Amino acid sequence: MNRRWERLVSAYLDGEVTPEERREVETRLRQHPDLQQLCEELAQVRRLLQSLPPREMPQELESRILQAVRGQRPRSKQTGTGRLLWAAAGAAAAVVLFSWVRGGLDRLRAAETGVHWFVWEHAARGTPGPLADRTVLQVALTDGSLVLLGEPRASEEAR
Amino acid sequence: MKGLVLLAAGLVAVAGARAQPGPTPLGVLRGALEAPLRTDYEAIQVLTAPGPNGPETVRAAVWHRRPHTYRTEFLAPPRLAGRLVVDDGTYTWQYEPSLHLLVQAPSLGRSDLTLLGQVLDSHTVRLLGTDVVAGRQAYLLSLLPHGPGPTRRMWVDRVTGVVLKSEAADVERGVYFTSTFTRVSFLPVPQELFRVPRPRGVRVLKLTGETVRVRTLSELSRQVGFPVVAPRELPPGFRFRSARAAAWGATRAAVLEFSDGFSGLSLFQMPAQRVGDPPGGEVMRIGGAVARAHAVGTLRLLVWERGGLRLAVVGEAPLALLREVALSVDPDPSAEARRVQEVARWAGAPADRVAELRDRGLSFSEIRAVLRSKATGEASLRTVSASSLVEELERFQRAVRSWASSRESP
């Protein structure tokens, strides 16, 4: 099992795969018990998260956000402007959370792809001299492409 | 009498031979640079280079159709066997039969003849003699770098200029790369051979990414959202080539490219909190920072963190050279400002002028050379301003492209 399949299974459970990928995942799941087990574990985590009761946002959080946004204390009763500010603060929080999650994913990706992104970028877009050997550059580029796509090397697949 | 006639004939032949200009290192090198634009070939190439588990011998069938199309079928080792790569001058298409996968990536680029001048500036080029490779007569050239970069030898076909064999060595790795055509033919190669295979049901994945080329570092800083740093100095023979923004997931990375005419160096910069340190590698120190040195094929990489930036320098170069670049990158803006003031005082030039040249990607020694030659009125390439240098370069590139296309048209 490789990371591409892990990602695909996760996306499959979230309903974020193309019909082709769906078929691909379902075929793979039938053939690989370890992938099937991972899929069940991920599905269980999802079910667990979905079963958690929704929680009310604490009142003091609202006050703190409004203070931060407007630099003043909130009015006790929400007006139209207050609701608007609430929405803005919520959107800002969502953006921060999204960036934080994406940043975390980038850090994970760096660990996953190792140095291959740098090599790939250098080979694909750098300034190779006109006399540089193209075949050795092709090996660097194409090996890097497979790593970045999360594909196993041809030999690993054959084993 | 017969002897005298023969002697006279011999003298005439020698005089005739002297009248023919002999090959020069520059002539042979220029011939090698121009060869892909005017010659088709088909060859079996055997190369030995560092692989994932030590030195690896790669065997491939290669085809080239002028000016910019290449096809490579990898025959060995087993991990590469079956891989097919077609470079049509715009994209590199990689077909992996065992994975039933076709990957579309950027082309490895075209022959840039403007780099010839820089190769000559940064290397001592010598013609060592002649040799025979794959049954063909070849000139043997050596290229000795003025800095710590790799030394190269190239065997250039006497008739076509195609490089039949090459070697690269440096002080850290010895001879780390060899490539030889074991069989070659120079017959026209049909266009059909460069059709990309698309078997039924093949998965096609695009890996073309996003990149934005910019002219100045301030523009690049705006693109990536953080201040981009240029190395204070570059290793001998290297010059700034270009700057661009690249995407790493949701993160933008700044990439500066340098070249000595033969090989390139890429310097990457991205926010450290967004991109983790790739694992593995050999740990070493760069100034006060801990760096990791990695090797991937013939390329070496150094990755380190400084001033909140994750930095990486990549190139086909010994670690000593990469370390020199790394030591020269200081993300501290006050240190940069101090250095700009120092150089401005030394040259008697306004600090704004020095800062402007820095913004064009020039190292401080290049700036000193530009300002000094301007002050003394020397009529050299270095006397022109950085902006006109860029314009001159672009004009020259346009002229070369138009020359190349006129040669390509039937």
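Below is a table of values for the structure above.
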quantity	calculated
Qualifying strands (runs of 3 or more DSSP E) (wholly inside the range B:112-175; at least 3 residues being among the aliphatic types (A, V, I, L, M))	B:123-133, B:136-145, B:163-170
Subset of the range B:314-360 that is in contact with a helix residue (DSSP H, G or I) (Cβ under 6 Å, 6 or more places away or on another chain) and assigned to a loop (DSSP other than H, G, I, E, B) - its residue that is surrounded by the most Cβ atoms within 10 Å (Cβ to Cβ)	B:Arg360
Qualifying residues in the range B:178-234 (those that are of a type in the set (Ser, Thr, Tyr) and more than 30 Å from B:Arg360 (Cβ to Cβ)) - the one farthest from the chain's Cα centre (by Cα)	B:Ser185
Residue check, B:Arg323 among the basic types (Lys, Arg), under 26 Å from B:Val175 (Cα atoms) and outside the structural domain of B:Pro50 (by TED's automatic domain parsing)	yes
The range B:125-140, residues that are in contact (Cβ under 8 Å) with a residue 40 or more places away in the chain and either surrounded by fewer than 21 Cβ atoms within 10 Å (Cβ to Cβ) or within 18 Å of the chain's Cα centre (by Cα) (or both)	B:Val125, B:Arg126, B:Leu127, B:Val133, B:Ala134, B:Arg136
Failed item, numbered, when B:Gly280 is tested on (1) more than 8 Å from chain A (Cβ to nearest Cβ); (2) not in a strand (DSSP E or B)	(1)
Where B:Asn53 falls short, out of the listed (1) in contact with a strand residue (DSSP E or B) (Cβ under 9 Å, 6 or more places away or on another chain); (2) more than 7 Å from every other protein chain (Cβ to nearest Cβ)	(1)
Residue within the range B:185-207 that is within 14 Å of another protein chain (Cβ to nearest Cβ) and without any contact (Cβ under 8 Å) to a residue 12 or more places away in the chain present	yes
Members of the range B:81-124 that are free of Cβ contacts under 8 Å to residues at least 40 places away in the same chain, more than 7 Å from chain A (Cβ to nearest Cβ) and crowded, with 22+ Cβ neighbours inside 10 Å	B:Asp87
Single residue of B:Val202, B:Val228 found to be more than 19 Å from B:Asp330 (Cα to Cα) and at pLDDT 90 or above	B:Val202
Evaluation of B:Leu164 against (1) crowded, with 19+ Cβ neighbours inside 10 Å; (2) over 20 Å from the mean Cα position of the chain (by Cα) (one fails), failing number	(2)
Selection within the range B:202-230 - part of a loop (DSSP other than H, G, I, E, B) and in contact with a strand residue (DSSP E or B) (Cβ under 7 Å, 6 or more places away or on another chain)	B:Val202, B:Leu207, B:Thr208, B:Gly209, B:Glu210, B:Gly225, B:Phe226, B:Val228, B:Val229, B:Ala230
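The values are calculated or read from the model by the stated rules, or taken from the named source; none is laboratory data. Keep in mind that this is a model prediction, so the values were computed, not measured. All Cβ positions, glycine included, derive from the backbone under ideal geometry; neighbour counts span all protein chains shown.
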